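Written out below as structure tokens is the structure these notes cover.
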Amino acid sequence: MRVRDWSDFEWVVWRLGVQDPQHLAGGGPGLAERTHATMTDLSGSLGCVYEHCVDTDTYPDETPYYAWWVRLPAAEHARRHTDGLPQALHPLREYLTTQLPDGLKWEITPDREYTLDQAGSSAMRTAYDGLIAPFERALMPLRRDGADALDPRAKVWQWEEDLLVGTFDLWLCNDPNRLNTWLVVTVGLWTEPHFSDEEPAHRMGSFGFTPHHPLLLLPRPPGPVTFTARAESGPFSGKNTSRTKEADAIGTAHQWTATDPDVLAERVARDLQLLWPHLTTPKAS
């Protein structure tokens, strides 16, 4: 997957931001919640996708800023107003001005990092749909403790000229034995750190992944592969140390492998319900 110009992307993420150096919007604007529904509906009517809002962050000099991210299809990204901005952004900006005080400085730019992240995630999901889909079908009905509000995530963590390395993670529930800790299921390829130099997995150590961590690789390795799933909770030591940072830290991990994604997903779902019986109970109404 090689992208060097905005025209290489099927979707481009734009950031609509404002600086508020004089704190005109007050201490707690609540803009994210207040604008979510309208930004979602208005973006959709324009053929775009509203992503999210940040309304509590500051720049390093403590200047507050508020920002909204919207994903535009390539055609809308290319269709420009006389001011050089995509035409689809103007109705969005006009709406946002009704939610903000006068006197704020606008910053409207394409966001390359978010665009790359979205493009990589989409490519990963497409290439590994045969692995991801069985796990979503098997595990998403089991989610508890607010995990169903968190979208499963395919994310690229490392970009190289000829290799993308990522993961697919699904938040399942809170760890009943450890406060404020998610139980996360990760699925991907089984990789061996001692593969020959001809295989992409021989570079996993330099990417910061521990051996046998489930990974997604693009391009996909040729030939038959082994898939793996890992359910993990709590801290684990990194690849360059034998100790976790917390002296009393307890980490839990369970891992499965199979060559058939459907068989793997079925086995993982069954075992997880045995390990954490509360996953089998009906959700509270």
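The values are calculated or read from the model by the stated rules, or taken from the named source; none is laboratory data. From a predicted model like this one, the values you see are computed outputs, not experimental measurements. When we count neighbours, we look across all protein chains shown, and the Cβ atoms used for this are built from the backbone with ideal geometry, even at glycine. What goes into the accessible areas is simple: the full protein's heavy atoms, side chains included, and nothing from ligands, DNA or RNA. Shrake-Rupley method; radii C 1.70, N 1.55, O 1.52, S 1.80 Å.
If the condition is being of a type in the set (A, V, I, L, M) and in contact (Cβ under 8 Å) with a residue 40 or more places away in the chain, then region 157-193 contributes LEU163, LEU164, VAL165, LEU172, LEU183, VAL184, VAL185, VAL187. If you check every pair at least six apart or on different chains, which have Cβ atoms under 7 Å apart with a residue in region 211-226 that is within 25 Å of SER122 (Cβ to Cβ) and of a type in the set (Lys, Arg) first and a residue that is open to solvent by less than 80 Å² (accessible area, probe 1.4 Å) and not in a loop (DSSP other than H, G, I, E, B) second? Within 7 Å, the pairs are ARG220/ALA127. Tell me, yes or no, whether region 127-144 has at least one residue that is touching a Cys at 6+ places or on another chain (Cβ under 8 Å), at negative phi and of a type in the set (Lys, Arg). Checking region 127-144: at least one residue is touching a Cys at 6+ places or on another chain (Cβ under 8 Å), at negative phi and of a type in the set (Lys, Arg). Restricting to region 165-192, name every residue that is more than 18 Å from THR226 (Cα to Cα) and in a loop (DSSP other than H, G, I, E, B). ASP175, PRO176, ASN177, ARG178, LEU179, ASN180, THR181 - these are the residues of region 165-192 that are more than 18 Å from THR226 (Cα to Cα) and in a loop (DSSP other than H, G, I, E, B).
Kindly indicate whether any position in region 229-240 is touching a Phe, Trp or Tyr at 6+ places or on another chain (Cβ under 8 Å), at pLDDT 60 or above and assigned to a loop (DSSP other than H, G, I, E, B). No, region 229-240 contains no residue that is touching a Phe, Trp or Tyr at 6+ places or on another chain (Cβ under 8 Å), at pLDDT 60 or above and assigned to a loop (DSSP other than H, G, I, E, B).
Here THR97 qualifies as among the polar types (S, T, N, Q) and either without any contact (Cβ under 8 Å) to a residue 24 or more places away in the chain or in contact with a helix residue (DSSP H, G or I) (Cβ under 7 Å, 6 or more places away or on another chain) (or both).
Within the bounds of region 103-111, is there any residue that is free of Cβ contacts under 8 Å to residues at least 60 places away in the same chain and either aromatic (Phe, Trp, Tyr) or open to solvent by 50 Å² or more (accessible area, probe 1.4 Å) (or both)? Checking region 103-111: not a single residue is free of Cβ contacts under 8 Å to residues at least 60 places away in the same chain and either aromatic (Phe, Trp, Tyr) or open to solvent by 50 Å² or more (accessible area, probe 1.4 Å) (or both).
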